[in-house]
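Student: If you scroll down you'll find the structure; I have some questions about it.
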Amino acid sequence: PPVIRLEDYRPTDYLIDTVDLDFNLDPNVTKVTALLSLRPNPLGRPNAPLVLDGDELLLNDLRLDGTPLDANAYTASPQGLTLHAPPQRPFELRIETSVNPTANTKLMGLFRSNGIYCTQCEAEGFRRITYFLDRPDVLSVYTTRIEAAVEEAPLLLGNGNRADAGLMPGTGRHFVVWHDPHPKPAYLFAIVGGRLDTVSEVYTTQSGRRVDIAIHVEQGKRERATYALDALARSMRWDERVFGREYDLDVFNVVAVSDFNMGAMENKGLNIFNDKYVLASQDTATDSDYANIEAVIAHEYFHNWTGNRITCRDWFQLCLKEGLTVFRDHEFSADERSRPVKRIADVRTLRAAQFVEDAGPLAHPVRPNRYREINNFYTATVYEKGAEVVRMLKTMLGDDVFRKGMDLYFERFDGTAATIEDFLSCFAEASGRSLDHFSEWYAQAGTPILTASGFYDEVSRTYRLDLRQSTPPTPGQPEKKPLVMPIAMGLVGEGGRDLPLVTDNDVALHDGVLIFDEAATSVTFHNVTEKPVPSLLRGFSAPVRYDIDLSDDELLVLFSADSDPFNQWQAVQTVLIRQLIKGTEAVKTGRSLPPSDRLVRALAEFTAATAEQDAAFAAQVLTLPTESDIAREIGRDVDPDAILSARRAMKRQLSEALLPTLERLHIKLASSDAFSPDASSAGRRALRNAGLDLIAAADPERGEQLAAERYAAADNMTDRMAALATLALIPGAGREDALADFAARFAHDPLIMDKWLALQAMIPEPQTLDRVKGLMQHPIFTLTNPNRARALIGSFAMGNPTQFNRIDGAGFDLLADVVLKLDPLNPQVAARLLTAFRTWRMLEPGRRLKAEAALKRVAAAGNLSPDVTDIAARSLG
Ligand code: DPP
Ligand code: ZN
């Protein structure tokens, strides 16, 4: 596929003002009639041909202003339709195509999931429905008539408001007409048809408008939709309160289907979800499932303003809607739950997904400037780092100016397809500050490294902080510039007291936020009455790696006393990582390094004294850095087996030392209260289960017994899965029995069985490869369902570092085989799985060679999709 470049953007030569669609739903031959009213774009080239996009389309009929077109007036193929000399005045094009929704395994365009008709059009799926100017800067008003057999599809949904409906006597068919008054790009188009169960309520907006909000799910799953409905109502209220944004149609529908490439899709007034992010009940969903559902429901709803009312000019601006909307959903969850715990979880994700991407061959800027396949840019960089950039803006400008900038953005760009420059201009105007330098965050790839060192002078009572920043090269960007980093900070004195920050006048420091925008600087603080411990990047105020010359003892002071909970957690994580890295080195020479006494003491004190008061936070503290966290910090010549050994040893030794405290905690946290998915109950479960996992590390026999008891007695999925996960690490009959029991209990429900598949795929032992191959033959497994493929293959490749990176290369080969098999069916999911190779260059040379060979085998295969071709080429590049 050709490279598409940001700098080549130009407006279309024609505009499409209205689109009237008629769908005649049929499992195998769905006829689609599109009536487009077009006109030349005053910003386009006069007399240009009209080039409409298509993808695997069959053209039945074509008329211009009601008259069939002469054969030499146009060229049509499955991949496009060109009118050589269209009228230079408004005209109407009527296009009739047919598509086969049942044969559509790519799950883009119109397809069927468990018999339900649904669509996915972002990014370029609409062209699989009809020929169109399928790009986000073409905004049209849509009216959609959907006709189907009543028996097959009693419920017919479209974008906007319902305008008409009726039976078609004698045919067994009926129709519904939907009209969406808000002009939108084609990627936000959607229809649904099927037999679904519904939960609904009336939501009254702040201005008193009544909206019917509803969640539709596969039959028999109605009671698992109520949590999502509640999350939706809370999201709507929050957006009114925090951003002043109100909903703008009479209905808001969410439909959950089981075959879906993405998490969910924000189609105007008709969100379509992967049912993984809708369905929840005490028995079937873990606490993290509940948290994810709340977050994704909010995310898609928030897109109504950030994405739909204001959309993107082109796909390079994807972060304009995604980074901003992720930021908004993070804030929502922080307000609904615990802010520090949410921040810790989000930073863990950022590091696990985005820092890794940034450090490998797939690194790209938050706003990429070229792509071959846009589907491959729905990445952690665009989403998570994009959200961090918005967060930095807020940190730098302060809450009030940030809100003013957002208000201006909504006011000025409503109804348009905008750019990052448009977005930033609102904050520049609201603040009176230039954001030119700041905007480099959107253009420069790679994770900056911030290095800090401090010097205290007792005599002058000054503290000097030396800061440096640099960014390692990334593909296509050998040279890097310094970026603008807001560093939220404190100088921590005796007992955790924040010392006053007194600096020279020219230092940009507001509300404890230092703006660092050079390669290096020194800041001197005056009247510092005692030797402080600096606490930098509070709340993780910039998405950077940082390295500070603090001793473990100083870090443990921050752990026990910093007023910023994020940095408390960060401090102890830093100590743990340091000791785990040393432990990994030791393992390579056949030794073992115990955790330091001070670390053990600090954790024991924390667990005994504070754990119960904030259980969710304590659970985060007691969860050791993952094997991937350690690998990322080591960065090169990684030996995953050495990391696993070192981590196991550390976990065992820490747990042995903490055992009495853990046992006490375990008893105290035992609860007989009725189940509730709220954050504080979830926090208690998280801590109790983290404790169980540690007890099992110290004393496997007792751990196995406790876990088996908890598994059997569990009255909710969180406890059941946590117990099963603990058992999964202890080889033997106990584990196999529990796995068999789980399979027997939930065999009827693939979504739940995904947990079972994923857990087994992540067991860190050599037999797992065969286990995974066996599970691929299990009746529940099918490659064609994205959730199944991700649960089994994705978890193995992304969540099992020792076994995916096996020294004999068999893990790489398995992934390569699966990708090649899946590619012809669903290239998007195949390409996503293939990104597991993004860490291959960090491996030690033996494994690196094997990984490269497997990647080359994929790249050399014939007939690859553009999606897989692109990932394979960039991974090797
Ligand atoms: N559905 C995806 C999301 O909301 C892409 N827009 O992020
Ligand atoms: Zn999104």
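The values are calculated or read from the model by the stated rules, or taken from the named source; none is laboratory data. Predicted, not measured: the structure shown is a model, and the values here were computed from it. Quick reminder, even Gly has a Cβ in these numbers, built from the backbone with ideal geometry, and neighbours come from all protein chains shown.
Student: For the range 421-443, state whether one or more residues are within 16 Å of ligand 2 (Cβ to nearest atom) and either hydroxyl-bearing (S, T, Y) or modelled with pLDDT of 95 or more (or both).
Tutor: Yes, the range 421-443 contains a residue that is within 16 Å of ligand 2 (Cβ to nearest atom) and either hydroxyl-bearing (S, T, Y) or modelled with pLDDT of 95 or more (or both).
Student: Being more than 21 Å from R112 (Cβ to Cβ), more than 12 Å from ligand 2 (Cβ to nearest atom), modelled with pLDDT of 95 or more and touching a strand residue (DSSP E or B) at 6+ places or on another chain (Cβ under 8 Å) narrows it down to one of Q282, Q317, so name that one.
Tutor: Just one listed residue meets the conditions, Q317.
Student: Which of the residues belonging to the range 372-388 are farther than 20 Å from N304 by Cα and either part of a helix (DSSP H, G or I) or of a type in the set (A, V, I, L, M) (or both)?
Tutor: Within the range 372-388, I374, N375, N376, F377, A380, T381, K385, E388 meet the criteria.
Student: Tell me, which residue of the range 52-92 that is surrounded by 12 or more Cβ atoms within 10 Å (Cβ to Cβ) and small (G, A, S) is nearest to T105 (Cα to Cα)?
Tutor: Filtering the range 52-92 for residues that are surrounded by 12 or more Cβ atoms within 10 Å (Cβ to Cβ) and small (G, A, S), the one nearest to T105 (Cα to Cα) comes out as G54.
Student: Name the single residue, out of those in the range 856-867 being in a helix (DSSP H, G or I) and in contact (Cβ under 8 Å) with a residue 40 or more places away in the chain, that is farthest from R636 (Cα to Cα).
Tutor: Here the residue is P866.
Student: Can you name every residue in the range 301-317 that is in contact (Cβ under 8 Å) with a residue 40 or more places away in the chain and farther than 11 Å from A417 by Cα?
Tutor: Once the filter is applied, which keeps residues that are in contact (Cβ under 8 Å) with a residue 40 or more places away in the chain and farther than 11 Å from A417 by Cα, the range 301-317 yields Y301, F302, N304, W305, F316.
Student: Can you tell me which condition E96 does not meet? The list is (1) more than 16 Å from ligand 1 (Cβ to nearest atom); (2) under 26 Å from V217 (Cβ atoms), and all the others hold.
Tutor: (2)
Student: For P49, which of the numbered conditions (1) in contact with a strand residue (DSSP E or B) (Cβ under 8 Å, 6 or more places away or on another chain); (2) surrounded by fewer than 16 Cβ atoms within 10 Å (Cβ to Cβ); (3) touching a residue at least 40 places away in the same chain (Cβ under 8 Å) fails to hold?
Tutor: (3)
Student: Can you confirm whether the range 295-304 contains a residue that is within 16 Å of ligand 2 (Cβ to nearest atom) and over 30 Å from K755 (Cβ atoms)?
Tutor: Yes, the range 295-304 contains at least one residue that is within 16 Å of ligand 2 (Cβ to nearest atom) and over 30 Å from K755 (Cβ atoms).
Condition check ((1) outside the structural domain of P625 (by TED's automatic domain parsing); (2) without any contact (Cβ under 8 Å) to a residue 60 or more places away in the chain; (3) more than 30 Å from N253 (Cα to Cα); (4) within 16 Å of ligand 2 (Cβ to nearest atom)) across all residues:
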| residue | (1), (2), (3), (4) |
| --- | --- |
| G323 | yes, no, no, yes |
| S333 | yes, yes, no, yes |
| S338 | yes, no, no, no |
| A345 | yes, no, no, no |
| A353 | yes, yes, yes, yes |
| A363 | yes, no, yes, no |
| N369 | yes, no, yes, no |
| V382 | yes, no, no, yes |
| A387 | yes, no, no, yes |
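Student: Can you tell me which of D13, D17, D22 is within 29 Å of A153 (Cβ to Cβ) and of a type in the set (D, E)?
Tutor: So the residue among D13, D17, D22 that is within 29 Å of A153 (Cβ to Cβ) and of a type in the set (D, E) is D22.
Student: While we're on this one: Would you check which residues across the range 4-21 are within 11 Å of F91 (Cα to Cα) and of a type in the set (A, V, I, L, M, F, W, C) and list them?
Tutor: Hits for the range 4-21 are L15, I16.
Student: Tell me, yes or no, whether the range 134-146 has at least one residue that is within 16 Å of ligand 2 (Cβ to nearest atom) and either without any contact (Cβ under 8 Å) to a residue 12 or more places away in the chain or in a loop (DSSP other than H, G, I, E, B) (or both).
Tutor: There is at least one residue in the range 134-146 that is within 16 Å of ligand 2 (Cβ to nearest atom) and either without any contact (Cβ under 8 Å) to a residue 12 or more places away in the chain or in a loop (DSSP other than H, G, I, E, B) (or both).
Student: Would you mention how many residues in the range 250-293 are within 15 Å of ligand 1 (Cβ to nearest atom), polar (S, T, N, Q) and surrounded by fewer than 24 Cβ atoms within 10 Å (Cβ to Cβ)?
Tutor: Counting residues in the range 250-293 that are within 15 Å of ligand 1 (Cβ to nearest atom), polar (S, T, N, Q) and surrounded by fewer than 24 Cβ atoms within 10 Å (Cβ to Cβ) gives 3.
Student: Now for a separate question. How about the range 498-531: which of its residues are touching a residue at least 24 places away in the same chain (Cβ under 8 Å) and charged (D, E, K, R)?
Tutor: D498, D511, D517, E518, E530, K531
Student: Just a yes or no: is a residue in the range 389-405 farther than 21 Å from M489 by Cα, away from ligand 2 (no atom under 16 Å from the Cβ) and in a loop (DSSP other than H, G, I, E, B)?
Tutor: No: zero hits.
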